[in-house]
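The values are calculated or read from the model by the stated rules, or taken from the named source; none is laboratory data. Please read all numbers here as calculations on a predicted model, not as lab measurements. Note that we place each Cβ from the backbone using ideal geometry, even for glycine, and neighbour counts take in every protein chain shown. Ligands, DNA and RNA are stripped out before the accessible areas are found, and what is left, the full protein with its side chains, is counted by its heavy atoms. Shrake-Rupley method; radii C 1.70, N 1.55, O 1.52, S 1.80 Å.
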Amino acid sequence: MATKLSRGCACGAVHYECNVDPVIMLNCHCRDCQRANGSAYAAIVVVPKAAVQMRGEPRYHKVVEKAGKAVERGFCSTCGSQVTVKLDRLPDVLGLQAGSLDDPSIHRPAMDVFASSAQPWDHMDPKIQKHPQGPPL
Ligand SMILES: [Zn+2]
Ligand SMILES: [Zn+2]
């Protein structure tokens, strides 16, 4: 089943298309995602970077994690929507913010990562894998 993932930011200045299935889908509860999204976690659909066609470049904000690896979060510089996530240590994949998809209901998270910093008001699905720190990738 080849899923067509498309959409982008709220104003349309940043648009992406991807015609392959996600590598993995997860919810990241790290403090940096909480800050960037202004919410409990980031719902991320990870896809092969080579399969994504972007129209309009997100602006990237880089954060260096404790482990010394950088994470760059891409957002639209016009409307501020969080759209993409790039990981230094996994240069071949791109994270798409599930809420930026045309159909966010396709998001089926396989795991919660950085569950140790999940907020008490965040209700995680007890049936999916929990990783206190980063994903085991
Ligand atoms: Zn926009
Ligand atoms: Zn995170």
Calculated from backbone phi, Karplus (6.51, -1.76, 1.60) coupling profile of the stretch 112-126 in Hz, x at Gly/Pro: 9, 10, 6, 4, 5, 10, 5, 7, x, 9, 9, 9, 8, 5, x
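Assuming a ≥ b ≥ c are the square roots of the Cα gyration tensor eigenvalues, decide whether the stretch 11-106 counts as rounded (a/c under 1.5), prolate (otherwise, with a/b larger than b/c) or oblate. Can you show the working numbers first?
Values: a/c = 1.34, a/b = 1.20, b/c = 1.12.
Cα axes put the stretch 11-106 in the rounded bin.
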Selected from 11, 61, 90, residue furthest toward positive end of dipole (the stretch 1-102; charges at beta carbon): 61
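Whenever you get a sec, compute what percent of the accessible area on the stretch 80-137 sits on carbon and sulfur atoms (1.4 Å probe). Each step should come with its number before you reach the end.
Numbers: 1840 of 3220 Å².
Exposed carbon and sulfur together represent 57 percent of the surface.
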Give the ranking of 25, 111 by solvent-accessible surface, highest area first, calculated with a 1.4 Å probe. 25, 111
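Just by accessible area at a 1.4 angstrom probe, what is the order of 77, 117 from largest to smallest?
Highest to lowest solvent-accessible surface, that is 77, 117.
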What does the C-alpha gyration tensor say about the overall shape of the stretch 57-137? Classify as rounded when a/c is under 1.5, otherwise prolate if a/b is larger than b/c, or oblate. oblate
Using the Cα gyration tensor of the stretch 71-110, with a ≥ b ≥ c the square roots of its eigenvalues, what is the shape: rounded (a/c below 1.5), prolate (a/b larger than b/c) or oblate (neither)? oblate
May I ask you to list the aspartates and glutamates whose Cα is less than 20 Å away from that of residue 62, ignoring any residue fewer than eight positions away on the same chain? 32, 72, 88, 92
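At 1.4 Å probe radius, can you tell me the per residue accessible area of the stretch 79-137 in Å²? Please report the intermediate quantities before stating the final value.
Numbers: 3280 Å² over 59 residues.
With all protein chains present, the stretch 79-137 gives 56 Å² per residue.
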Expected max-MSF residue from 26, 96, 87 in the GNM of the chain (alpha carbon, under 10 Å) is 87
Rounded to the nearest 10 Å², the 1.4 Å probe accessible area of residue 17 is 60
Expected output is a single nm value to one decimal: the length gained when fully extending between residue 53 and residue 122, i.e. 0.36 nm times separation in residues minus the C-alpha distance. What is it? 21.5 nm
Rounded to the nearest 10 Å², the accessible area of residue 89 at probe 1.4 Å: 90
Rounded to 0.05, the calculated FRET efficiency for the beta carbons of residue 77 and residue 23 at R₀ = 35 Å is 0.80
Give the accessible area for residue 128 in Å² (nearest 10); use a 1.4 Å probe, count only protein heavy atoms, and leave out ligands, DNA and RNA. 30
Please state the relative contact order of the stretch 1-116 as a whole percent: Cα pairs under 8 Å, 6+ residues apart? 30
